[in-house]
Amino acid sequence: MELKVQSLQIRAGKYKVVINSQDAKEIGVRGGDRVQLKNHGYLTAIVETGDMIPKGTVGVYQECCEKLGPVCPLTIDLVPASKPNSVGFIKKMMDHQKLTQEEVHQIIQDIVRENLTEIEMSAFVTSSYIYGMTTDEIEWMTRAMIDTGEKIEFDTHPIMDKHSIGGVPGNKISLLVVPIIAANGLLIPKTSSRAITGAAGTADLMEVLAPVEFTADEIKTMTEKVGGVIVWGGATNIAPADDKLIRAEYPLSIDPRSQLLASIMAKK
């Protein structure tokens, strides 16, 4: 179906489009389904339905517009698309079955590429919380998190780090430990998370004192210049799956042990 494009000046955090309920029925999709956007290339997006968009028009969020080209197209063809294979792998976890390395990597890759809905992400997090993951699965998830993100390479060694599992309100010892280590001539590029199970994480508390959102290159430059940093890991592309998983964990106030371990090790 060819529809007029209405550019929505909003970022959704995922590749999403909004379709009029009647158009969605005609195409044969519902909210949470996928459609393929065909212009000069192909892009798969998650569907939202409603009457805020007139019939014959598709509302396109900023992420989709940017992916489709320098200028958002005036019209676009929409066709139904199948769910990614990782949805089936998540259901496998819900049935308490062990995953293969390829299946774990596919889930993490789809998380990074924003191919999963919030509900599918929540199912993955909840399954991990209830059933846990084997040591092999945790290792595979850690490696997948590393492989799907950036790395910072330093010429000087050793590089120090400090990490704790968090969850204790007010216990932000990183703000003491990092300056002490840096003052003794060692490099410590400390990335921290925002709140997961509490009111504020280390990055939230540090942001009261100084900015915490920097790129990987900026982190390297600052660390080499002054010895250490305390920054929010979610602003970098280092283990990007981690912060996306935290978005699913925070509303439930849970931090599955498997994600906790993979998150810590993927940033080392």
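No lab work stands behind these numbers, since they all come straight from the coordinates. The model shown is predicted, which means the values in this text are computed figures rather than measured ones. Positions of Cβ are generated from backbone atoms using ideal geometry, with glycine treated the same way; all protein chains shown enter the neighbour counts.
I'd like the orientation of helix 257-266 relative to the chain: the angle between its Cα long axis and the longest Cα principal axis, in ° from 0 to 90, rounded to 10.
70
Checking the a/c ratio against 1.5 first, then a/b against b/c, what shape does the Cα gyration tensor give for segment 116-268?
Prolate, since a/c reaches 1.5 and a/b exceeds b/c.
Taking springs between alpha-carbon atoms closer than 10 angstrom, which of Thr44, Thr135, Thr236 fluctuates most in the Gaussian network model of the chain?
Of Thr44, Thr135, Thr236, the Gaussian network model singles out Thr135 as fluctuating most.
Using the alpha-carbon centroid of each, what span in Å lies between segment 81-142 and segment 228-268?
Result: 16 Å between the Cα centres.
For segment 2-81, what's the relative contact order in percent, using C-alpha pairs closer than 8 Å and at least 6 residues apart? Write down the numbers at each step before the final one.
Numbers: 183 pairs, mean separation 38.4, N = 80.
Relative contact order comes out at 48 percent.
Compute the signed sum of charges (Lys and Arg +1, Asp and Glu -1) over the other residues within less than 12 Å, Cβ to Cβ, of Glu63. Working shown, then result.
Details: positive: Arg11, Lys14, Lys16, Lys67, Arg113; negative: Glu66, Glu114.
Summing Lys/Arg as +1 and Asp/Glu as -1 gives +3.
Only helical DSSP H runs with n ≥ 4 go in: add -39500 (n - 2.57) per run for the chain, normalise by residue count and round the 222 nm mean residue ellipticity to 500 deg cm²/dmol. Can you show the working numbers first?
Working: 11 runs with 112 residues, N = 268.
Using -39500 (n - 2.57) per qualifying helix, the result is -12500 deg cm²/dmol.
Provide the three semi-axes, in whole Å and in decreasing order, of the ellipsoid equivalent to segment 195-268 as defined by the square roots of 5 times the Cα gyration tensor eigenvalues.
On the way: eigenvalues 106, 44, 19 Å².
Largest first, segment 195-268 gives 23, 15, 10 Å.
Report the one residue of Leu99, Ile146, Thr223 whose Cα lies farthest in the direction of the positive end of the charge dipole of the chain (charges on C-beta: Lys and Arg +1, Asp and Glu -1; origin at the Cα centre).
So the residue we want is Leu99.
Report, in debye and to the nearest 20, how large the dipole of the chain comes out about its Cα centre when Lys and Arg carry +1 and Asp and Glu carry -1 on their Cβ.
Values: 28 positive and 34 negative charges, 50 e Å.
It works out to roughly 240 debye.
Among Gly201, Leu78, Val178, flag the residue with its Cα farthest along the positive direction of the charge dipole of the chain, charges on Cβ as +1 for Lys/Arg and -1 for Asp/Glu.
Projecting each Cα onto the dipole axis, the largest value belongs to Gly201.
Extending each Cα 7 Å along its Cβ direction at Ile10 and Thr100, get the distance between those two points in nm, one decimal.
4.0
Mind telling me which of Ile180, Ile146, Ile108 comes out most flexible in a GNM of the chain, alpha-carbon contacts under 10 Å?
The residue that fluctuates most here is Ile180.
Over all directions, how big on average is the projection of the convex hull of the alpha-carbon atoms in segment 151-238, in square nanometres? Don't skip to the end; give the middle numbers.
Values: hull surface 21.8 nm².
In nm², the orientation-averaged hull projection of segment 151-238 is 5.4.
log10 I(q)/I(0), Debye, Cα-only segment 2-81, no solvent, q = 0.16 Å⁻¹?
-0.47
Tell me the angle of helix 174-183 to the major Cα principal axis of the chain, expressed in degrees between 0 and 90 and rounded to the nearest ten.
Approximately 60 degrees, to the nearest 10.
For the chain, set up a GNM with springs between Cα atoms under 10 Å and report which of Phe124, Phe214, Phe154 has the largest fluctuation.
Looking only at Phe124, Phe214, Phe154, the biggest GNM fluctuation is shown by Phe154.
For the chain, what does the convex hull of the Cα positions come to per residue, in cubic angstrom? Each step should come with its number before you reach the end.
Working: hull volume 39.9 nm³, N = 268.
With only Cα atoms used, the chain gives 149 Å³ per residue.
Among the lysines, select those whose C-alpha is under 26 Å from the C-alpha of Lys190, and discard any that sit fewer than 8 residues away in the same chain.
Of all the lysines, those that pass the test against Lys190 - Cα under 26 Å, at least 8 places apart if same chain - are Lys151, Lys162, Lys172, Lys220, Lys225, Lys244, Lys267, Lys268.
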